[in-house]
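The block underneath contains the structure these notes are about, expressed in structure tokens.
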Amino acid sequence: MGPHRDALRERLARQGFIEGRNLKTIWRAGGEGQRQVRGVARELVAARPDAILTFSSGMTQAAQWATKSIPIVFVHVSDPIADGIVKDYARPGGNATGVSTRHRELLGKRFELLRELLPHAKRVALITPYATDQSYAASESFVRDAAARLNFELIEIPIRRAFAIEEERVEAIIIYSTLGQRLTTENMIGWAAKLRIASIFPDAEAVALGGLASYGTDPLQDTRLGADQLVRVLKGGEPGELPVDQSSQFVLAINTKSARALGITIPSAVMLRADRVIE
């Protein structure tokens, strides 16, 4: 979270909210189980903040469970309507607004990217999020249709069983969204490299660490957009009346070193589109 804290503080400072002067922040890790996450939410509500900033669907839902009055601003939420966080993008209602990362529609693009990189691949594992992520449940039919359209045999593996990919004998893995605290991005990259299978991630940070490729939003830019929403709330805006922002900048990243290690030749068409190439 270090880079995200820095991005948040810098963006807030530009708009007049400066840590130690007129801004105090309290940071807490959300945890992975509902009971743990709700405990953290209760703790934050007890501190009586002017607003709560959340970094996942599960944490946002827990914060809404803990308070109906304190404004909540969310980031890194794929589908806030499917998650039951807001009623509408234009007029969210309730006490929450934020930024959507549009994971569902971008996941289809990641399947297309994988097909370009591995034109003959058949079995593909999709690492799915925790059961508390309702947006994935709402996306399942879309995900399966996208895989079938590209002739992939899709193996859905819950994040808690991610290391079972070895048993499934897949040729590639796609990560649905950000991994948890126990299974880190570094863990997943290392495991994929050991098994010599391609790995496709939601964001370029993972590719810089050794993943093969990614297509998605820039996580730090999402955090900056969240900071903008937070400023609107701190200046008196009602979350229920502030439209949910949607990321519009997408990054295609390729790690050519990882590709060489896997014996994969990156098509020139992909290289020409790449926004970021790690060599």
(request) Per DSSP H run of at least 4 residues, take -39500 (n - 2.57); add these up for the chain, divide by its residues and hand me the 222 nm value, nearest 500 deg cm²/dmol. (result) -12500 deg cm²/dmol
(request) Report the residue, chosen from 30, 20, 211, that carries the largest GNM mean-square fluctuation when the chain is represented by alpha-carbon nodes joined by springs under 10 Å. (result) 20
(request) Using a 1.4 Å probe and counting only protein heavy atoms, arrange 120, 76 so the residue with the most accessible area comes first. (result) 120, 76
(message) How charged is the neighbourhood of residue 204? Take every other residue with its Cβ under 10 Å from the Cβ of residue 204, and add Lys/Arg as +1 and Asp/Glu as -1.
(response) -3
(message) As a test question: what accessible area, to the nearest 10 Å², does residue 245 have when a 1.4 Å probe is rolled over all protein chains in place?
(response) 50
(message) Under 5 Å between amide hydrogens, which residues at least 5 positions from residue 199 or on another chain qualify, with H placed 1.01 Å from N in the peptide plane?
(response) 173, 212, 213
(message) Just want the answer: with Cβ charges of +1 for Lys and Arg and -1 for Asp and Glu, which residue in 157, 239, 256 is farthest toward the dipole's positive end in the range 142-279?
(response) 256
(message) Can you give me the solvent accessible area of residue 65 with a 1.4 Å probe, rounded to the nearest 10 Å²?
(response) 110
(message) Given a 1.4 angstrom probe, I'd like the percentage of the accessible area of the range 1-129 that is carbon and sulfur, rounded to a whole number.
(response) 48
(message) Let me check against my output: what whole-number percent is the relative contact order of the chain, with C-alpha pairs under 8 Å and at least 6 apart?
(response) 20
(request) Rank these residues by their accessible area, most exposed first, probe 1.4 Å: 188, 1. (result) 1, 188
(message) Sequence gap at least 6, Cα distance under 8 Å: using those rules, report the relative contact order of the range 1-135 to the nearest whole percent.
(response) 17
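Kindly report the accessible area of the chain per residue (heavy atoms of protein chains, probe 1.4 Å, no ligands, DNA or RNA), in Å².
I get 49 Å² per residue for the chain.
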(message) From the phi angles alone, apply the Karplus equation (6.51, -1.76, 1.60; θ = phi - 60°) to the range 117-123 and give each ³J(HN,Hα) in whole Hz, x where the residue is Gly or Pro.
(response) 6, 10, x, 10, 5, 10, 8
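Cα-Cα pairs above 36 Å in the chain: how many percent?
Looking at the chain, the distances longer than 36 Å represent 17 percent of pairs.
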(request) Compare 268, 100, 139 in a GNM of the chain, Cα atoms joined below 10 Å, and give the one with the largest fluctuation. (result) 268
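So how do 109, 194, 87 rank on accessible area, 1.4 Å probe, biggest first, that is with the largest at the start?
87, 194, 109
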(message) Just want to confirm a number: the relative contact order over the range 141-219, from Cα pairs under 8 angstrom separated by 6+ residues, in percent.
(response) 21
(request) Quick one: among 54, 25, 223, which has the greatest mean-square fluctuation in a GNM of the chain with alpha-carbon springs under 10 angstrom? (result) 25
(request) Keeping the other protein chains in place, figure out the carbon and sulfur percent of the accessible area of the range 210-273, with a 1.4 Å probe. (result) 51
(message) Skipping prolines and chain starts, which residues have an amide H placed within reach, meaning under 5 Å, of the one on residue 246, given they are 5 or more residues away or on another chain?
(response) 100
(request) For the chain, please report how many Lys pairs fall under 22 Å Cα to Cα, leaving out neighbours fewer than 8 apart on the same chain. (result) 7
(message) Can you give me the long-range amide H partners of residue 23? Hydrogens built in the peptide plane at 1.01 Å from N, cutoff under 5 Å, separation of 5 or more residues or another chain.
(response) 18
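The values are calculated or read from the model by the stated rules, or taken from the named source; none is laboratory data. Everything numeric in this text was worked out from a predicted model, so none of it was measured. All Cβ positions, even for glycine, are placed from backbone atoms using ideal geometry, and neighbour counts span all protein chains on display. Accessible surface areas use protein heavy atoms only, side chains included; no ligands, DNA or RNA. Shrake-Rupley method; radii C 1.70, N 1.55, O 1.52, S 1.80 Å.
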